Amino acid sequence: MAGYTRQSSINDGDTVTAALFNNEYNQLLAAFNNASGHKHDGTAAEGPVIGLVGDAGLTTPLNKILIDTANDHVEFYVDVSGTSTQQFRLQDGAIVPITTNDIDLGTSSLQFKDSFFDGTVTLDGLVIGSAASITDVDTDLSAVSGNDDTVASAKAIKTYVDAQVTASDLDFSGDAGGNQAIDLDSQSLTLTGGTGIDTTGSAQTMTFAIDSTVATLTGSQTLTNKTLTSPVLDTGISGTAFKDEDNMSSNSATAVASQQSIKAYVDTQVATIPTGDISSVVAGTGLTGGGTSGDVTLNVVGGTGITANANDIAIDATVATLAGSQTFTNKSGNISQWTNDAGYLTAETDNQTLSFSTPTLTISNGNNVNLSALTTGLITASSTDTLTNKTIDVDATGNSITNLANANIKTAAAIDATKIADGSVTSAEFQFINSLSSNAQTQIDSKQATIDASNRLNANLIHDGSVDNTEFGYLNGVTSAIQTQINTKQATIDSSSRLNANLVGDGSVDNTEFGYINGVTSAIQTQIDAKASNGFAVAMAIAL
């Protein structure tokens, strides 16, 4: 905030100039500026603290706020019939009305919202809603008021109720246990259900009901672990455990069949049995025994490799099976095809010979295999042969090609680059090394590392290197071409290129006026102030 400070002192014989008046008036304007003027806080040049706020434009306001420094009060006055009348005051710890029972807090139509008190509230009457005004609290209900203008205290209510119920009791009895009594003053009655009975209390009502463990006449319940003595079923039987199937298709061990389905099934089965007497049992092929009278026995006859037992017919140990492990002895014939890749022949003695038409396979000690001479087509580990129109599957387990010389790879083979190393390089990428003149990694290592926010390029690596990082940083904030901005600035000021005086300050001083400074030997204003006349002091007194 700006207060008023005197700018000049005028003495007799001083010369009064316009600047002196202007400086003083400018200070006065600043002091009374509505936004930044003096603040009346009692500090130097800011004016005294305002002790009275009242009606605007009145020398003696009727509506006002007065600071009573002697009594430490803030007093509030209102115009009452042309007289400034104090209504209340603020003082330490209290808001005090001047006249008792005179000021309302709100009106019937303009009300305060919520109120909060931490202490005692003293009232002559309390109106809640549209009820009558409550003026007192009854502490003895033995002789209550005849009007609705009092309320009873909790203690008075308890004392009165206790007095009414003391020595009163409730008598009751049940199906067993005899007569019982409840002292209404100190005891409570609990109604508890027995086996199969639930109790529910709600709004002064106790309801008794059977629970889910009790079967009813019309309900649908499932009886578990129950014994029915001489039950009478008056109508038909139904349910998933009761079956009425003439063919007994369910074949259940837990379901009950109807009388009709049992009869129908038995009748059907009996009808398939031949009628009449058996006159003869004849032993057929592979059987012995039989007869025409009495008890007859049929016997199964075993043959080569077959044994007839009491309970079954089985092959004996002389028969080979598909899954069994047996030894063939003195057998001959041709093996046309091996159907199992893991199959093999073994010799029980050394130097056994298997004949395969022209060649002879000699097995010696289980290690050496000698093939007799074949005319053509036999390839051995040490022979030199040329394979024509053959495909070698190197992808199959255990297959591989080794000792393959560079001269053996034909140009037309055109091996794809993805077949080299881990296969991650394509043929197109592989071609990029065609123009390399030296080691690729060495050339890469000699180049500039990646330039990013964490690995910045030094400014002295740009152009001729004369600009360092600090100088390069001066470009930050430039908004247009630098040379264009420089060209618009003032040229170098020296004795051959002097600055015009009207380019200094507010431009009001020209070169001629500026030349008047030449020859001045001390502060100009100080010299002028010393020359001010008494007329200026008079003029200032009138202005202020």
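None of the figures in this text is laboratory data; all of them are computed from the coordinates on show. Just so it is clear, the model here is predicted, and its values are computed rather than measured.
Which of the lysines could a cross-linker bridge to Lys410, judged by Cα under 24 Å and excluding same-chain residues fewer than eight apart?
Leaving aside lysines fewer than 8 places away in the same chain, those within reach of Lys410 are Lys390, Lys419.
Given H placed on each backbone N at 1.01 Å, which residues far from Phe88 in sequence or on other chains put an amide H within less than 5 Å of it?
So Phe88 has HN proximity to Phe76, Ile98.
Give the value in nm², to one decimal: projected area of the alpha carbon convex hull of segment 165-253, averaged over all directions. Before the final figure, lay out the partial values.
Numbers: hull surface 45.4 nm².
Approximately 11.4 nm², given one-decimal rounding.
If amide hydrogens are placed 1.01 Å from N in the peptide plane, which non-local residues have theirs closer than 5 Å to the one on Gly37?
Placed amide hydrogens put Ala2 under 5 Å from Gly37.
If only Cα atoms are counted, what is the Rg of segment 398-516, and what is its Dmax, in Å?
For segment 398-516, the Cα-based Rg and Dmax read 34.4, 113 Å.
Which residues' amide hydrogens lie under 5 Å from the amide hydrogen of Asp138, considering only partners 5 or more residues apart or on another chain, with H built in the peptide plane?
For Asp138, whose amide H was placed from the backbone, the distant partners under 5 Å are Val151, Ala152, Ser153.
Could you run the Karplus curve 6.51 cos²θ - 1.76 cosθ + 1.60 with θ = phi - 60° over segment 266-271 and give me ³J(HN,Hα) per residue in whole Hz, x for Gly and Pro?
Each residue's phi maps through the Karplus curve to give 4, 4, 5, 5, 5, 5 Hz.
What Rg and what Dmax come out for segment 239-339 when only alpha-carbon atoms are used, in angstroms?
25.5, 72
Which whole-Hz ³J(HN,Hα) couplings does segment 169-184 yield from phi under the Karplus relation 6.51 cos²θ - 1.76 cosθ + 1.60, θ = phi - 60°, glycine and proline marked x?
9, 10, 8, 7, 8, x, 5, 8, x, x, 6, 10, 8, 10, 7, 5
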